[in-house]
1. For segment 97-113, does any single residue satisfy the condition of being under 15 Å from the mean Cα position of the chain (by Cα), surrounded by 18 or more Cβ atoms within 10 Å (Cβ to Cβ) and small (G, A, S)?
2. Do we have G139 as closer than 18 Å to L80 by Cα and either at pLDDT 95 or above or surrounded by 20 or more Cβ atoms within 10 Å (Cβ to Cβ) (or both) here?
3. Just checking, does segment 163-175 include any residue being of a type in the set (K, R) and either assigned to a helix (DSSP H, G or I) or surrounded by 20 or more Cβ atoms within 10 Å (Cβ to Cβ) (or both)?
4. Mind counting the residues in segment 54-81 that are touching a Gly at 6+ places or on another chain (Cβ under 8 Å) and among the polar types (S, T, N, Q)?
5. Restricting attention to segment 228-250, which residues are in contact (Cβ under 8 Å) with a residue 12 or more places away in the chain and more than 15 Å from the chain's Cα centre (by Cα)?
6. If we keep just the residues of segment 142-159 that are touching a residue at least 40 places away in the same chain (Cβ under 8 Å) and within 17 Å of the chain's Cα centre (by Cα), which is nearest to L87 (Cα to Cα)?
7. Does segment 99-111 include one or more residues that are touching a strand residue (DSSP E or B) at 6+ places or on another chain (Cβ under 7 Å) and assigned to a helix (DSSP H, G or I)?
8. Do we have any residue at all in segment 100-119 that's without any contact (Cβ under 8 Å) to a residue 40 or more places away in the chain, among the polar types (S, T, N, Q) and farther than 21 Å from S146 by Cβ?
Amino acid sequence: MTGIRDLHGRVALVTGAGSGIGRAAALLLAERGAFVGALSRTGKEVQAVVEAIDTGGGQAMSLVADISNADEMRAAVRDLVEAAGRLDTVVANAGINGTWAPIDDLEPSEWDQTIAVNLRGTYLTLHLAVPHLKAAGGGSIVVVSSINGTRTFTTPGATAYSATKAAQLAMVQQLALELGKHGIRINAVCPGAIETEIDDNTRARNVAESGVAVDWPEGDIPITGGEAGKARDVAEAVAFLVSHRARHITGSPLWIDGGQGLLR
């Protein structure tokens, strides 16, 4: 590998690393020199990511766990620390869009699933990783939130999803002070429309009932003329925030939406 190696010697846990933003982040952190624990529910996907990192001359290991399952996550974090000797970087990315529906149509089980993955999963990731960051004498965390629930509130039916994304940012800002005295920085990236597979897993039902008709300005994303961003765009921001170059940044959201949220 060539180029910037500012993460050499760091050990990073990246959740949801099998595809999309997580995959791009895992590849880039490894390219920058980190040993990456690439975690996903899908072993085949995450193994392909590890193989790509190995082929590029980086170091990584695959971890298979459901982020909402405490026992599975505890075992995954333990395996990473045993293999790499430490943990000092965390990218809490795994999440789902879940079901988008009017509030009186959204079933309790659908609400619970989104909360379990996006919010409980983020909590478990931090709960289990932070002791190791403290033991390492400090570190950095990036939580992948969204413009939904932090900058925009206009996606019809996305109440559960937006609530989890708003809560993730609240966690980041709350924990910035708590973790700062341990030398641990925590920030959030809030992507807008990004070319990933997450939309394929969205269950939308009767969303027109909860939407409001609006004519957006031509070119929904101003800086790209309406084109969605790339997973690598988010990964670049993550790599910066976990690096020493961002040493004085904590408790901050970074919107990565090409100006999309300012139109909504």
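1. no
2. Values: closer than 18 Å to L80 by Cα: yes; either at pLDDT 95 or above or surrounded by 20 or more Cβ atoms within 10 Å (Cβ to Cβ) (or both): yes.
The answer is yes for G139.
3. So far as segment 163-175 goes, yes, one or more of its residues are of a type in the set (K, R) and either assigned to a helix (DSSP H, G or I) or surrounded by 20 or more Cβ atoms within 10 Å (Cβ to Cβ) (or both).
4. 2
5. Within segment 228-250, the subset in contact (Cβ under 8 Å) with a residue 12 or more places away in the chain is 228-239, 241-247, 249-250.
Hits for segment 228-250 are A228, G229, S243, H244, R245, A246, R247, I249, T250.
6. Once the filter is applied, the top-ranked residue is V142.
7. yes
8. Checking segment 100-119: at least one residue is without any contact (Cβ under 8 Å) to a residue 40 or more places away in the chain, among the polar types (S, T, N, Q) and farther than 21 Å from S146 by Cβ.
The values are calculated or read from the model by the stated rules, or taken from the named source; none is laboratory data. Everything numeric here is computed off the predicted structure, so don't read it as measured data. Note that each Cβ is placed from the backbone with ideal geometry, even for glycine, and that neighbours are counted across all protein chains shown.
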